[in-house]
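This report refers to the structure that appears directly beneath it.
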Amino acid sequence: MARVRKPNDPIALQVRMTEALRRKLASAAEENARSLNSEILWRLGQTFDAEWGHLTLEMEEREKREQDFLDRWSQDPKKVKVLAELIAKHLPKEK
């Protein structure tokens, strides 16, 4: 049975754009202390109502928490080793 997504569940989405536009967005993201993903969401959110702005802030906060978690993990050599072992375990075997 397929899982029903909630309105604020994050999803992965592939988007095609020119390199020039990506650079402009990346520059704006840096100026606004956002990730590229957060900058794109914020800009899209500006075209919708206030409810969308709330959802965008939730996504940005979640993204920052996840990045903080990864940053903390990457500072601990023991945790990095455990993570590397988990990744290696789940990578497809080379033939």
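Go through (1) part of a loop (DSSP other than H, G, I, E, B); (2) within 20 Å of P10 (Cβ to Cβ) for P92 and report which single condition fails.
(2)
Taking the stretch 1-29 on its own, how many of its residues are in contact with a helix residue (DSSP H, G or I) (Cβ under 7 Å, 6 or more places away or on another chain) and either at pLDDT 90 or above or among the aromatic types (F, W, Y) (or both)?
Qualifying residue count for the region: 4.
Given the condition touching a helix residue (DSSP H, G or I) at 6+ places or on another chain (Cβ under 7 Å) and among the basic types (K, R), answer yes or no: does some residue in the stretch 30-49 qualify?
Yes: one or more hits.
Looking at (1) within 17 Å of the chain's Cα centre (by Cα); (2) without any contact (Cβ under 8 Å) to a residue 40 or more places away in the chain, can you tell me which one E31 breaks?
Condition not satisfied by E31: (1).
The values are calculated or read from the model by the stated rules, or taken from the named source; none is laboratory data. These figures come from a predicted structure and were not determined experimentally. With ideal geometry, Cβ positions are generated from the backbone for all residues, glycine too; neighbour counts draw on all protein chains shown.
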